Amino acid sequence: TAEHTVGLMLALSRNYKKAIKDLGLYRDEYTGHTLNGKILGIIGYGRVGRQVAEIAKALGMPFCAVDKSNTDEPLFSLIRNSDIISVHIPLRGNEGFFGRWLFTLMKPTAYFINTSRSGIVEPGALLWALKNKAIAGAAVDFIDDPELREYEKTHDNLILTPHLGGNTFEDREKTLNFIKAKVDAYLKNNS
């Protein structure tokens, strides 16, 4: 998930979607931005948030991180000052957490990345932010919002992926080994 998150940051900042779709002859049409020097704001500094931070450091991105708190000034400061916001909080207890009012705090040049769950964003808030240019773009690892899917077809500032964050051969093997170890431990302790 961390690698996918950074891949989405690169794709947005480098205009990959437009360049791949158009395959124009003049690269100046697709001029983008480097990640080096851009401030990354991480909401949710657990396992995935920390992994994203490690990769971001290697790319020369300063970062700040907070755990979810919708009344805390550090959260508002992070949102106001970040060039990219990446969300890594669980859905349970955080439904609709990232609402329209938080998008209004973001820089209009900032990108929003959500590789967590769609329900963390208030319904309609991301589409509102994109249409009203409250943010420059977004990438989300889910495609369950029909309005976002329609917007994405005609706009290059939104990238949707079908929950690919942990969808690698290596991650699947790790998950199987983790489940096997849990089952083995349960059987050992209950036999």
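The values are calculated or read from the model by the stated rules, or taken from the named source; none is laboratory data. Predicted, not measured: the structure shown is a model, and the values here were computed from it. Glycine also receives a Cβ, built like all others from the backbone with ideal geometry; neighbour counts cover every protein chain displayed. Just the protein is used for accessible areas: all its heavy atoms, side chains included, with ligands, DNA and RNA removed. Shrake-Rupley method; radii C 1.70, N 1.55, O 1.52, S 1.80 Å.
When every residue of the stretch 52-75 is checked against the conditions, at least one turns out to be touching a strand residue (DSSP E or B) at 6+ places or on another chain (Cβ under 6 Å), farther than 19 Å from P108 by Cβ and exposed (fewer than 14 other Cβ atoms within 10 Å of the Cβ).
Just a yes or no: is a residue in the stretch 83-102 without any contact (Cβ under 8 Å) to a residue 60 or more places away in the chain and under 16 Å from I159 (Cα atoms)? Looking for residues that are without any contact (Cβ under 8 Å) to a residue 60 or more places away in the chain and under 16 Å from I159 (Cα atoms), one finds at least one in the stretch 83-102, hence yes.
Condition check ((1) surrounded by 12 or more Cβ atoms within 10 Å (Cβ to Cβ); (2) of a type outside the set (S, T, N, Q)) across all residues:
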site	(1), (2)
G137	yes, yes
K153	no, yes
L160	yes, yes
V183	no, yes
S191	no, no
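For the stretch 108-133, the set of residues classified as part of a loop (DSSP other than H, G, I, E, B) and either in contact with a helix residue (DSSP H, G or I) (Cβ under 6 Å, 6 or more places away or on another chain) or open to solvent by less than 30 Å² (accessible area, probe 1.4 Å) (or both) consists of A110, T115, S116, listed by residue number. For the stretch 72-107, the candidate set comprises residues that are part of a loop (DSSP other than H, G, I, E, B) and among the hydrophobic types (A, V, I, L, M, F, W, C); within that set, the residue that is farthest from the chain's Cα centre (by Cα) is L105.
The set of residues in the stretch 98-107 being farther than 16 Å from L148 by Cα, surrounded by fewer than 19 Cβ atoms within 10 Å (Cβ to Cβ) and either among the hydroxyl-bearing types (S, T, Y) or touching a helix residue (DSSP H, G or I) at 6+ places or on another chain (Cβ under 7 Å) (or both) consists of T104, L105. Scanning the stretch 1-37 for residues that are modelled with pLDDT of 85 or more and outside any loop (DSSP other than H, G, I, E, B) returns A2, E3, H4, T5, V6, G7, L8, M9, L10, A11, L12, S13.
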